[in-house]
Amino acid sequence: MYVHEKLDQIVETVKAARSMPMSASCIVNRAELLAALEDLRAALPPELDRAQQLLDERDDIVAQATLKAERIVEAAKERRDRLVDEHEVTMAAETRAAEILTDVREESGRVRTEADDYIDGKLANFEVLLQKTLQQVERGRDALRGRSALTPLFAEDEQQGQQPGQPAEVPEQTAL
């Protein structure tokens, strides 16, 4: 997968970066690393953008349904006010307004549930994709650790006061 190749390339760039003396920091080519990161961003699955669009669409649908419900309720109130003089008509209007409000609430709830179910399915698929990606990254890191444990070049570790074969602590930020 192209994303994994880009991740591998970024890892190799950082690993191959020149170390700063007496520090765990390194110097990397900013333009090269930024270009690789931009390529990685471009290679991310479109499902990420689609999931965000679906969330936004769901919010829009709910907002539209709420507006429609408010308009219907307002129209029902206006109608009720006009018919207040006639008791039977008033009773019928109140009943109808309540039915409309109930119908709108049910419709709004149904639309929200359908949107939530759809988005949940998309997010579940995305979760599986991310889990697979994380597993591949973990296997790659494990492979790198296993390979570095077999390398007899521990002189640099000993010079830095580390146990031979022990990984150096990774700083939170690298100098770019």
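Listed values, structure above:
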{"quantity": "Only Lys, Arg (+1) and Asp, Glu (-1) charged, at Cβ; the stretch 32-141 dipole about Cα centre in debye", "calculated": "300 debye"}
{"quantity": "Length released on extending from Ala24 to Gln131, taking residue separation times 0.36 nm less the Cα-Cα span", "calculated": "35.5 nm"}
{"quantity": "Extreme residue, positive dipole direction of the stretch 1-44, given options Leu37, Ala17, Tyr2 (C-beta unit charges)", "calculated": "Ala17"}
{"quantity": "Within the stretch 62-90: backbone nitrogen closer than 16 Å to the Arg96 label point (7 Å, Cα to C-beta)", "calculated": "72-90"}
{"quantity": "Sorted by Cβ neighbour density within 10 Å, fewest at the top, the residues Met91, Met22", "calculated": "Met22, Met91"}
{"quantity": "Dimensionless Rg/Rh of the stretch 46-156 - Kirkwood Rh, Rg from C-alpha atoms", "calculated": "1.50"}
{"quantity": "q = 0.16, 0.21 Å⁻¹, the stretch 1-44: log10 I(q)/I(0) [Debye, one scatterer per Cα]", "calculated": "-0.44, -0.66"}
{"quantity": "Calculated FRET efficiency for the pair Asp56/Val11, C-beta based, R₀ 30 Å, to 0.05", "calculated": "0.35"}
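Since every read-out is calculated from the coordinates, none of them should be taken as a lab result. These figures come from a predicted structure and were not determined experimentally. No Cβ is skipped: glycine too gets one built from the backbone with ideal geometry, and neighbour counts run over all protein chains shown.
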